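Here, each number is a calculation from the coordinates, and none is a lab measurement. Everything quoted here is computed from the prediction, not taken from an experiment. No Cβ is skipped: glycine too gets one built from the backbone with ideal geometry, and neighbour counts run over all protein chains shown.
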Amino acid sequence: MLLFWAGVAGGAAPSDHPWDMIEADWRRQDGIGTRREPATFAQAVDRLLRRGGDLVDDLTAAGACPPETRRRWRALRREWKGLSDTLAGERQWENLWRRAHRLRRRIALGNPLAKIGPLLFVKRVPASFSHQLTQYYGRYARPGGGVFVLDAPGESMACRQLAAGALGEGSYQHPEVSHDGRRVLFAFCELGSKAPARRYYHLYEMTADGEAVRQLTDGPFDDFSPRYLPTGRIVFVSTRRGGFHRCGSPGCPVYTLTTADADGSGIRLLSYHETQEWDPVVLHDGRILYTRWDYVDRHAVFGEHLWTTRPDGTAPAAFYGNLTRNPVGTWEARPVPGSHKVIATAGAHHAMTAGSIVLIDPDKGYDGLAPLERLTPDVPFPESEFRVGRWFNPSGVRGRPPDPPANRRWPGHCYRTPYPLSEKYFLAAYSFDALVGEPSPNPAAMFGLYLVDCFGNKELLYRDPNVSSLWPVPLAPRRRPPVLPAQCDPPGERTGTFVLQNVYASYPPLPAGSVTRLRITQVLPKTTEGRDRPAVGLAGGSPGKQVLGTVPVEADGSAHFAAPAGVPLLFQALDEHGRAVQVMRSATYLQPGETVSCVGCHEPRTETPRPAARVRALGRPASRVRPGPDGTKPFSYPRLVQPVLDRHCIRCHRGPKAPRGIVLTGRPEGHYTASYNVLARRVPSSNDTNGESLSRPGRFGARGSGVMTMLLKGHNKLALTGEEVERLATWMDTNALFYGTFEPADQRRQQQGERIEGPRLE
């Protein structure tokens, strides 16, 4: 096999001889002359023969390894045993090591699955700010790269650039091939002389030969990660929804799933989720799989996993990991050909997307490690499986980090942008360099393209010494998934309907007969930049909320109610006092005219729905949401809670002689009021150790509050009315917030007890 290098738009190769470059790659993989996991040739040959032997066995079982090749591999093993039994010199071991590597490469590239034809990919310099959020903003883009084709992967490293020079200096990402193989989508950010604040990624399309380049989207928005839908439309990720993330500074505009016609017109927001979403891809059954950042009233780092939705935006549902803390997140998912499993990158939160490659089997569960198979166990899950001074993973693969480690949270090498060929074989970008966490940039030329398998073998297909190569995808026709019919009405409709069959079909279990109502709460997108700028309550980085009201739950645990479409909502199951027995630490939404039905609350996926005739709530029209007390919509602690305190508490708890210094007046004190500063610290909220992903019944809000327990027992012969208990419980269960807005001027009015206009409901 003759291999040669052509440095196209990226500089010359490290050596004029192609085998020199490939052998240098093998040496780095094996630890020959490296700081990370250093090894001798003898040790490297031992590992190589074991991993290559697994590959030979698997291809033999599939009828894809010729007998002569197997005989040659067995001969190498005999030679290894002979050298092991003698005092062989380093040169003999090196010679065997080199011949074993060359044969393994021939075997790996002879795999029929590796005959992928022309390979489309992008060269890209990583963003100047390393974080899951910032890596895709135009303002952090660095110039360099383009869209390229490797015409004969495994046979030649000659590549060609598509549309070379057509778009000027900029940054490229996320290539996508149409189902007929004739067109290519990608995102491009023009840099040139533009100031960072005016730099945005937009979507472009061209023919597969690089001709007829056209821009599809424009405006002061970042549009990226495009995918062709079976309908002919495009799904992508965009900042067009508006708003900002809640937990850091500088403020990062939220980007969520969006769709458009093939020419970029007809843009429609597909998702109403209030924080970021990434990497949409179409599954074999026509649904869209994507990553969602989900951190409503819980830890901000560990909730970036996989969700699905229909192409019309209906039925958003968790697919894997929403209650999982290891790995931190799963990104860049793709369906495996001929399988219901998906491949993904298990990555970090405080770094760009990269880490270990995993295979996810939804039949084995939808959280934790059970559904995961580590396809690259040589790399631990970054940020969740690293220990100071060394990296490791539970499979027992250990080693020493770079000396000195660039960042002690990250392993010394990483993978990303996997493209599955089967459940065992895939393409991926691989880096010998460690991830660099926020805010510093990663090296420009971290990643090359490899053929990888689950046995630990990887063979270099292409590497540019000056810029990273990412997102490999065959430039060929592929099967078009089925078109799923729309399940929502035209945009003129402003509501939808929820059907809950049985609130007690839940995990964790809820006490039988404990739920009488559901509280419907709207999660408010953040309208200002920066964490707690301004804060809406003592719970740091909390989402804003307003309570729309409550709906009844029938004796059989069912509920049937109408709700506004186009806004993120969460539900809380309430007891007879209006206290939340269980809270939802996520959000959902309705498309106009959509009806959503669920079995229960986090019910097991194997739970069988009851026939509609046996669901009591379906025997009547959908309930209307009963509004809560003044101060719930828009949310306002001074209007919701302070009237109860004024009526019952301040005759004792005021002035310098207040018992234990507990002052419960509505006097402004700092950003809040005196009473709020005292009481909010006594309510279990996400500011405490109660910010886990899976909420436990009775731990959060009013049922977990000693203050509420004391009041219901009749503190100082206090007798609260039902409405007063509802006021206090609503406040406690809504993460003990103070404000119902992020706008500073409106917050000043709310602090004085004034009424403001609430956020939109459509």
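Observations on the model:
- Cα-based reach from Lys364 at 18 Å (exclusive), listing lysines while leaving out same-chain residues under 8 positions away: Lys341, Lys424
- Note on Thr497, Thr741: ascending count of other Cβ atoms within 10 Å places them as Thr497, Thr741, the fewest first.
- Note that the range 465-472 has calculated 3J(HN,Hα) couplings of x, 10, 7, 5, 10, 9, 6, x Hz, one per residue in order, obtained from phi through the Karplus relation 6.51 cos²θ - 1.76 cosθ + 1.60 (θ = phi - 60°); glycine and proline are x.
- When only alpha carbons are used to place a centre, the range 174-203 and the range 343-359 end up 23 Å from one another.
- For Asp367, nonlocal amide neighbours, meaning residues 5 or more places apart or on other chains whose placed amide H falls under 5 Å from its own, are Gly321.
- The phi-based Karplus calculation (6.51 cos²θ - 1.76 cosθ + 1.60; θ = phi - 60°) puts the 3J(HN,Hα) values of the range 533-540 at 10, x, 6, 9, x, 6, 5, x Hz, whole numbers, x for Gly and Pro.
- Counting other Cβ atoms within 10 Å as a rough exposure proxy, the listed residues Cys598, Cys652, Cys252 run Cys652, Cys598, Cys252 from fewest neighbours to most.
- For Leu461, nonlocal amide neighbours, meaning residues 5 or more places apart or on other chains whose placed amide H falls under 5 Å from its own, are Leu449, Tyr450, Leu451.
- For the range 698-710, putting each phi into the Karplus relation 6.51 cos²θ - 1.76 cosθ + 1.60 with θ = phi - 60° gives couplings of x, 8, 9, x, 5, 6, x, 9, x, 5, 5, 4, 5 Hz, in residue order, rounded to whole numbers and with x for Gly and Pro.
- Cα-based helix-to-principal-axis angle, 41-61 vs the chain, degrees rounded to 10: 80 degrees
- For the range 137-227, the alpha carbon convex hull comes to 102 Å³ per residue, rounded to a whole number.
- With q set to 0.08 Å⁻¹, the log10 of I(q)/I(0) for the range 113-474, from the Debye formula over equal scatterers at the Cα positions, is -0.34.
- Normalised by 2.2 N^0.38 Å, where N is the number of residues, the alpha-carbon radius of gyration of the range 722-762 equals 1.32.
- With respect to the chain, whose longest principal axis is taken over its alpha-carbon atoms, helix 67-84 is tilted by about 90°.
- Mean projected area in nm² (Cα convex hull; one quarter of hull surface) for the range 26-150: 11.1 nm²
- Near Glu37, the amide H atoms lying under 5 Å from its own belong to Arg400; only residues 5 or more places off or on other chains count, and H is placed 1.01 Å from N.
- Our Cα-only numbers for the chain put the radius of gyration and Dmax at 28.8, 95 Å.
- The packing ranking of peptides 95-104, 72-81, 229-238, highest mean first, is 229-238, 95-104, 72-81, where packing means the average number of other beta carbon atoms within 10 angstrom of each residue.
- With the Kirkwood sum run over all distinct C-alpha pairs, the range 495-751 has a hydrodynamic radius of 19.0 Å.
- When DSSP beta bridges are restricted to pairs lying wholly in the chain, around 95% turn out antiparallel.
- Computed [θ] at 222 nm, helices only, for the chain once each DSSP H run of length n ≥ 4 contributes -39500 (n - 2.57): -4500 deg cm²/dmol
- When restricted to Cα atoms, the range 40-110 yields an Rg and a Dmax of 12.1, 38 Å, respectively.
- Proxy reagent accessibility, fewest Cβ within 10 Å first, across Met21, Met708: Met21, Met708
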